[in-house]
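Only one structure is covered here, and it is reproduced in the block below.
The values are calculated or read from the model by the stated rules, or taken from the named source; none is laboratory data. Here the structure is a predicted model, which means the values were calculated and not measured. All Cβ positions, even for glycine, are placed from backbone atoms using ideal geometry, and neighbour counts span all protein chains on display. Surface areas here come from the heavy atoms of the whole protein model, side chains and all, with no ligands, DNA or RNA. Shrake-Rupley method; radii C 1.70, N 1.55, O 1.52, S 1.80 Å.
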Amino acid sequence: MMTIDWTHAWLGEVPTLIARPRAAIGPLPTVLWFHGWSADKEVHRSELAQLAGAGLLAVGIDSVGHGERQSPDLAQRLARSAREAQPLFDSLVAETVDEVPMLVDRLIDRGGADAERIGAAGVSMGACIVYGAIARERRLRAAVALLGSPARGRPDGSRLAVDRFFPTALLSVTAGADVVVPAAAAAALHAELTDWYRNDPDRLCHQSFPDAEHLMKETDWQQAIDLACAWLLRFLAPSGGKLE
């Protein structure tokens, strides 16, 4: 089993947890990992370890208002109705998306990230961040959105810039019985993106778990993470497969 080095680092004002394969030399293909609503980077050590074990530099991010920079009143604001909490959710997603270019710059400047092989992945709120980040940061070569919605995360009500997605390789994973983040918005996005990806359709994939709920069973979740890891390796590794 590959030995992994763990580092807590602040990139600008963003707290991160970085997992790096100890035997790796030089800049690595890099994945930014975004957690879900009211969670933090620490709950995804298992996922970060799996990515790092495959040879990637895995960077867990505390989204705006979460983790080491949690808003003092976050718990109180989370207790509000879904309708009242939605503007807060959209604002935190948008603010985190805006940080992505800086995060990419800092990781490259530190010498750990390969500038030509940057990816992003996230779950739930983190997946909403991923959708926004693809349009915001053109250096993302591959992305995985798990159980998220491209219809959320823009406080001004603007439309997601789908014309900026290609050629980023996008995998969306949705759950058919998800009532927290229904799969319809992701399905609609992929239908709309089909024409944009017509010259390279293998870079676009929507994987549905028809009977799964938002809180997936452990077996389904592990399968989803395996799919995510394989997707990121496919498009971030020099020629696909596991990195040396």
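Structure notes:
- For Met2, the solvent-accessible surface computed with a 1.4 Å probe is close to 70 Å², ligands and nucleic acids excluded.
- For the chain, accessible area per residue (1.4 Å probe, heavy atoms of protein chains only), Å²: 46 Å²
- Beyond 19 Å, the tail of the calculated P(r) for segment 87-175 holds 35 percent of the Cα pairs.
- Taking one quarter of the surface of the C-alpha convex hull of the chain gives a mean projected area of 12.5 nm².
- Judged by the ratio a/c of the largest to the smallest principal axis of the C-alpha gyration tensor, segment 67-138 counts as prolate, that ratio being 1.5 or greater while a/b is larger than b/c.
- Each peptide among 198-211, 157-170 gets the average number of other Cβ atoms lying within 10 Å of its residues, and from highest to lowest they stand as 157-170, 198-211.
- Apolar share of the accessible surface for segment 100-205: 50 percent from carbon plus sulfur atoms, 1.4 Å probe.
- Amide H to amide H, with H built 1.01 Å from N, Val180 comes under 5 Å of His214, counting only residues 5 or more places away or on other chains.
- Restricting segment 12-73 to GluC sites (Glu not before Pro) that sit in a DSSP loop and have at most 13 other Cβ atoms within 10 Å of their own Cβ leaves Glu13.
- In Å, descending, principal axis extents of the Cα set of segment 14-106: 48, 25, 19
- Three-way shape label, segment 141-243, alpha-carbon gyration tensor, a/c 1.5: oblate
- Placing +1 on the Cβ of every Lys and Arg and -1 on the Cβ of every Asp and Glu, with no other charges, gives segment 3-77 a dipole of roughly 180 debye about its Cα centre.
- Under Karplus coefficients 6.51, -1.76 and 1.60, residue-wise ³J(HN,Hα) of segment 24-39 in Hz, glycine/proline x: 6, 10, x, x, 10, x, 10, 10, 7, 10, 10, 7, x, 4, 6, 9
- For the chain, the mean residue ellipticity at 222 nm estimated from helices alone is -11000 deg cm²/dmol, where every DSSP H run of n ≥ 4 contributes -39500 (n - 2.57) and the total is divided by all residues, rounded to the nearest 500.
- Among 224-235, 19-30, the order from most to least packed when residues are scored by Cβ within 10 Å on average: 224-235, 19-30
- Whole-Hz Karplus values for segment 181-191 come out as 10, x, 6, 4, 5, 5, 4, 5, 4, 5, 5 Hz, taken residue by residue from phi with 6.51 cos²θ - 1.76 cosθ + 1.60 and θ = phi - 60°; glycine and proline positions read x.
- Solvent-accessible area of Tyr197, all protein chains in place: 0 Å² (probe radius 1.4 Å, heavy atoms, ligands and nucleic acids excluded).
- Distance-filtered residues of segment 34-49 - backbone nitrogen under 18 Å, label point 7 angstrom along Glu213 Cα→Cβ: 37
- Placing unit charges on the Cβ atoms only, positive for Lys and Arg and negative for Asp and Glu, gives the chain a dipole magnitude near 280 debye about its Cα centre.
- Sorted peptide list for 144-152, 112-120, 59-67, criterion being average Cβ within 10 angstrom, highest first: 144-152, 59-67, 112-120
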